[in-house]
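Participant: Okay, here's the structure, questions in a sec.
The values are calculated or read from the model by the stated rules, or taken from the named source; none is laboratory data. Owing to the predicted nature of the structure, the values given are computational and were not obtained by experimental measurement. Cβ placement follows ideal geometry from the backbone for every residue including glycine, while neighbour counts extend to all protein chains displayed.
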Amino acid sequence: MTSRYAELQVTSHFSFLRGASSCEELFAHAALIGIEALAIADRNSLAGIVRAHEAAKVTGVRLIVGCRLDLVDGVSVLVYPTDRPAYSRLCRLLSVGKKRGGKAKCILNWEDLIDWSDGLIAVLVPDTADDACALRLRRLRDNFGDRAYMALTLRRRPNDQMRIHELNNLAQRFRVGTVVTNDVLFHEPARRILQDVVTCIRHNITIDEAGTVYGAFVEGPQQEDGDCLIDAQRRCLMGLSLVAWDLRGFRKRRH
Amino acid sequence: MSRVVSLYLPTWPTDRLRRKMAAFAPDPAMPLVLVGQTGQRREVVAANAAALKLGLRIGMPATRAQALVKELVIHQADPVADAEALERLAVWALRYSPIVTADDPDGLVIDATGASHLHGGEDAMLADVISRLEAVGITARAAMADTQGAAHALARFAARPALVVPAHESGERIRPLPIAALRLSADTVDDLRKLGLDRIADLLATPRAPLTLRFGPELGRRLDQATGQTGEPIEPVRTPDIVEAQQLFAEPIGAPETIARYIAKLTAKLCQELEGRGLGARRLDLLFGLVDNRVQAIRVGTAQPVRDVKQLTRLLCDKIQKVDPGFGIEMMRLAATAAEPFATRQTISSLVDEPEADVSGLIDILSNRVGETRLYRFAPVASDVPERSVQRVAAAATATGDGWPTHWPRPARLLAPPEAIQTVALLPDHPPVSFTWRGSRRRVRRADGPERVFGEWWKRDAELIAVRDYFQVEDDAGERFWIFRAGDGEDAGTGSHKWFLHGIFG
């Protein structure tokens with residue numbers, strides 16, 4: 001039996017100076033290595049979704065609509081709308097943040113997320129299993145109930161197994177499901193050069209002095225097992241077709 | 001009649017660069033150009049022989065040079081450093097004559113009047129200069145004539161590679177040379193050629209007054225300097241003064257105690273001299289002239305400029321046992337062969353703050369005993385690759401400001417190079433179950449990993465997709481090791497998938 005896997009944390013190059021691969025490349029590679037579905041989750045943006053939708057149609061790999069929200073208090077949450085109204089609310093949430101932040105910024109608070117949280121699945125992106133993480137997880141569980149999850153990502157850094165073990169314990173304590181993600185930033189190893197370069201541009205340094213600045217724990221999508229994962233993914237909004245169809249109708253009505 | 005040597009270094013900037021790059025210098029057969037900024041455009045300001053042969057010219061836009069020659073090596077020009085190096089070369093040329101000067105930007109002038117017989121005659125002297133420069137990779141041409149102007153012109157337009165013009169003949173020999181040989185501005189040369197004056201002979205045959213009226217006094221002056229009508233004094237380079245103190249003995253000395261006593265006296269004298277100039281010694285050479293005309297020397301170096309009599313005396317006295325006085329020492333000369341500015345400082349009042357402990361004295365004593373290269377400190381380098389994350393710096397080097405990474409445990413000892421081990425391990429992400437290192441098999445009790453380290457592609461092309469997966473493992477006896485697998489365990493392109501032991505904890 002082949003294990004089924006869907007990658008829930010993929011960053012495309014629509015996250016400026018963070019991702020290094022286009023949606024087309026990501027989906028083509030996912031189809032090649034037999035991944036069922038990809039969730040494009042750009043930073044505070046849904047800009048990549050349209051391209052991803054087209055790539056998904058071409059390759060047959062399902063698209064999961066997602067977004068990574070970096071809140072002002074340092075919390076990162078991956079959100080996935082489960083239906084069309086939830087997608088609208090997510091768009092509205094981003095509009096609020098971008099209006100507040102001005103050009104190229106997005107200022108969102110936890111309260112904003114709560115205001116527009118109906119129908120969103122939220123996955124907390126934790127760092128280490130400390131008190132701050134516990135607090136955030138409890139807050140997430142209180143507000144999202146059974147739509148709250150926590151991402152477990154192998155970073156390939158010392159003490160990683162222990163970190164994931166502790167995070168898992170924490171999630172069990174708060175009865176929050178866990179999902180496996182890989183934090184994909186590019187689709188094939190050769191793209192690491194571009195990734196390193198854009199990271200240096202983001203930090204405003206040259207590659208020679210980069211040294212250990214970039215904490216790249218970056219991998220191509222890989223096979224993992226996770227029961228919760230499939231569960232969460234099933235509930236997510238699959239593809240944009242639904243929304244796109246409605247948008248077409250909307251445009252007609254306007255004219 | 002004076003005799004002047006003009007030395008012409010046609011490819012000085014590229015030769016200097018090649019010398020500076022030493023082992024990393026490109027192959028001499030490769031075309032190499034130096035590029036500088038002239039106004040808004042980048043143009044070729046120097047080219048080596050190979051580049052000139054391929055048709056590249058000085059003054060050509062850098063982009064065109066790149067378009068013309070496929071494998072062109074391009075470096076940035078540095079005229080200031082070139083001029084400084086030329087000054088140093090002039091100091092070197094003092095071996096031939098006491099009057100030498102740098103002829104910026106591409107030559108030297110040596111006043112060889114009455115000096116050439118010391119080097120076996122005029123021809124032999126020029127041959128010696130050229131071959132010595134050739135030996136260190138500097139192309140040179142030289143001409144000897146009666147005046148600096150004539151020698152300058154002949155070195156650039158007639159010497160292949162050496163030319164000695166007999167006395168009183170240089171006036172005649174420069175007549176067929178082009179007027180560009182006269183050290184005139186490029187505009188003047190252009191204008192003269194428009195008038196149909198191509199050679200120096202044409203210029204000499206033209207009445208002087210209209211020329212002066214049109215081109216100013218410079219033209220006449222250069223012409224007179226070349227033909228010897230007016231003199232041209234040479235401002236010689238000066239060697240940096242060496243502070244030294246000397247002691248002669250009527251009765252040869254030999255006992256270590258006596259030597260030590262005179263070392264103290266000489267050091268005191270030297271320090272007084274240094275103080276007068278505001279200098280501190282970085283390197284001291286003490287020469288002993290022996291009765292049988294042999295010379296013995298001891299040398300000490302310091303990490304920071306020092307002017308303390310006690311400290312310097314101690315450093316020198318530590319080395320007395322290396323001196324063999326033989327039949328006796330007639331002369332002792334102490335010279336500060338390297339000195340640096342050394343300002344006096346106000347010491348911090350102990351009421352306010354404890355003065356910082358100064359370890360430079362200790363560094364000096366140790367490095368003079370065990371050797372300068374054997375005393376060093378480690379400094380961190382920001383790099384993920386373990387063997388590149390450490391560098392050796394001089395013992396007294398100032399801190400770079402980088403801290404040691406503390407967020408992840410690293411072994412105190414790294415093996416260089418990493419040693420191959422045999423393992424039993426599952427791919428892709430599992431630590432080995434056991435490994436064999438230096439013949440003994442160890443069972444892995446606990447392990448942490450993998451920690452992935454990527455190759456630094458900007459340093460070496462070969463590291464483009466190279467990957468190492470590091471594991472921290474503990475064996476039955478509780479010893480901890482840092483081992484890695486070359487490659488990511490899936491793709492063979494990322495490494496050989498062989499295992500190595502790289503470090504030992506504790």
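Participant: When you scan region B:28-48, do you find a residue that is at negative phi, part of a helix (DSSP H, G or I) and surrounded by 13 or more Cβ atoms within 10 Å (Cβ to Cβ), even just one?
Facilitator: No: zero hits.
Participant: Within region A:5-40, how many residues are touching a strand residue (DSSP E or B) at 6+ places or on another chain (Cβ under 6 Å), acidic (Asp, Glu) and surrounded by fewer than 24 Cβ atoms within 10 Å (Cβ to Cβ)?
Facilitator: 1
Participant: Would a scan of region B:486-500 turn up a residue that is crowded, with 19+ Cβ neighbours inside 10 Å, more than 14 Å from every other protein chain (Cβ to nearest Cβ) and either in a loop (DSSP other than H, G, I, E, B) or at pLDDT 90 or above (or both)?
Facilitator: Yes, there is a match, as at least one residue in region B:486-500 is crowded, with 19+ Cβ neighbours inside 10 Å, more than 14 Å from every other protein chain (Cβ to nearest Cβ) and either in a loop (DSSP other than H, G, I, E, B) or at pLDDT 90 or above (or both).
Participant: Looking at region A:113-161, which of its residues are touching a residue at least 40 places away in the same chain (Cβ under 8 Å) and more than 18 Å from the chain's Cα centre (by Cα)?
Facilitator: A:ALA129, A:ALA134, A:ARG156, A:ARG157
Participant: Would you check if A:ASP196 is within 14 Å of chain B (Cβ to nearest Cβ), among the charged types (D, E, K, R) and part of a helix (DSSP H, G or I)?
Facilitator: In short, yes.
Participant: Looking at A:ASP131, A:ASP127, A:ASP118, A:ASP160, which is the one that is acidic (Asp, Glu), in contact with a Pro (Cβ under 9 Å, 6 or more places away or on another chain) and closer than 29 Å to B:ALA447 by Cβ?
Facilitator: A:ASP160
Participant: Further question on the same structure: For residues that are touching a strand residue (DSSP E or B) at 6+ places or on another chain (Cβ under 9 Å), within 12 Å of chain A (Cβ to nearest Cβ) and hydrophobic (A, V, I, L, M, F, W, C), tally how many sit in region B:424-476.
Facilitator: 7
Participant: Still on this structure: Would you pick out the residues in region A:58-71 that are outside any strand (DSSP E or B) and modelled with pLDDT of 90 or more?
Facilitator: Selection gives A:VAL58, A:THR59, A:LEU71.
Participant: Turning to a different aspect of this structure: Yes or no: region A:165-185 includes at least one residue that is surrounded by fewer than 16 Cβ atoms within 10 Å (Cβ to Cβ), aliphatic (A, V, I, L, M) and farther than 14 Å from A:LEU17 by Cα.
Facilitator: No, the conditions are met nowhere in region A:165-185.
Participant: Being more than 14 Å from every other protein chain (Cβ to nearest Cβ), in a helix (DSSP H, G or I) and at pLDDT 90 or above narrows it down to one of A:LEU108, A:LEU135, so name that one.
Facilitator: Answer to the selection: A:LEU135.
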